Amino acid sequence: MPPPFQLSVIVPHLNEPNDLRHCLLSLDAQRADGIPFEIIVVDNGSTEMPLAVCHDIPDLRLELEIVPGPGPARNHGASLARADLLAFIDCDCIAQPGWVKEIVKAMLRRPDIGLLGGDIGVLMADPHCPSAIESYENIYAYRARTYVEQYGFAATGNMAVRKRVFQSVGPFGGISTMEDTEWGQRATAMGHRILFLPAAKVLTPSCKSFADLARRWDRHVAHAFRKISGHPGATLRWLVNAAVIAGSPLAETLRIFTTDRVSGIRNRILALACLTRIRAHRARRMFGLVFHGDAGRFIENWNREGS
């Protein structure tokens, strides 16, 4: 007997009920395409379970995962999925029209593909007047095609995988790992083919403040530092790279003023200003970790802020 759903959509959640509501409404709108799918929301220890925002969405299950981290939450959802295809979306993402249809169609058309990554764009509060962070992230964040085609992984904010492939690769890592990078590269190293699918697109808000943007980069920097810590040659290269990053905005000026990802002189200047500030922050953090930092404090607590 075939499974009742063609797709299981898994959504990890932590203390973002308003964002989750918008995400769920965007998913519910996909039902107009006639493809049966279920939604599994896995709460990761919110102050309050999101019962109110989930109650009227059909074919939705709300579950709890007490182990911190989006990886364990996604693993829990995957273990309960009733479809042969799994799709992962973050609770602050808005699935664009046709998202479910395009994923299912691509996986049916390409049985050789084990997993895919869709496109990710920035959801601007006011598209006519983006902030400095929105302008910066519209150029530099969410390089979904690059992740798939150059680095062999898909961001879990917009990723789909066959259940049998997920089971063969094993679960996502915990809060101390870059779980989407590590899992995707483990999958492709095992020979599973990956596809970039631009027609399956989601939009996600940019960071709300520079502090949020800095915290996101702190996690990336800390993970990278853990890999080289204790190796003198690698540490020296790390310090050189930190200096290069500090000076790199000058080399990015041409790209910012010629890209089609933003328009207008105002928005380009804002993007350059934000780029300069965040790369200075990254460089300071890189130097600090070498001389007196603890990478763990930037990793274990990164997604528990404000909880």
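Measuring between their Cα centroids, the range 158-208 and the range 209-249 lie 23 Å from each other. Among the trypsin sites (Lys or Arg not before Pro) within the range 75-134, those in coil by DSSP and having at most 15 neighbouring Cβ atoms inside 10 Å are Arg82.
Each of His281, His231, His128, His76 has some number of other Cβ atoms within 10 Å of its Cβ, and from fewest to most they run His128, His231, His281, His76.
Each helix, a run of at least 4 DSSP H residues, gives -39500 (n - 2.57); summed and divided by the residues of the chain, these come to -15000 deg cm²/dmol at 222 nm.
Rounded to the nearest 20 debye, the dipole size of the chain about its Cα centre is 1120 debye, using +1 on the Cβ of Lys and Arg and -1 on the Cβ of Asp and Glu. Each of His292, His128, Val161 was placed along the dipole of the chain (beta-carbon charges, centred on the mean Cα), and the one lying farthest toward the positive end is His292. Using alpha carbon centroids, what distance separates the range 10-87 and the range 254-289, in Å? Result: 34 Å between the Cα centres.
With contacts taken as Cα pairs under 8 Å at a separation of at least 6 residues, the range 210-299 carries a relative contact order of 52 percent.
Of all beta bridges that DSSP places with both ends in the chain, some 30 percent have antiparallel geometry. Phi angles across the range 27-44 convert, under the Karplus curve 6.51 cos²θ - 1.76 cosθ + 1.60 with θ = phi - 60°, into 3J(HN,Hα) values of 6, 4, 5, 5, 5, 4, 7, x, 9, x, 8, 10, 10, 10, 8, 10, 6, 10 Hz, Gly and Pro given as x. As a proxy for reagent exposure, ranking Cys129, Cys274, Cys91 by other Cβ atoms within 10 Å from fewest up yields Cys129, Cys274, Cys91. Counting lysine pairs in the chain that sit 8 or more residues apart in sequence, or on different chains, and whose Cα atoms lie under 25 Å apart gives 5.
Each peptide in 154-161, 30-37 was scored by the mean count of other Cβ atoms within 10 Å over its residues; highest first, the order is 154-161, 30-37.
Only the coordinates and a few stated rules stand behind these numbers; no lab work does. In this text the structure is predicted, and so the values were computed from the model without any measurement. Reconstructed Cβ throughout: ideal geometry from the backbone, glycine too, with neighbour counts over all protein chains shown.
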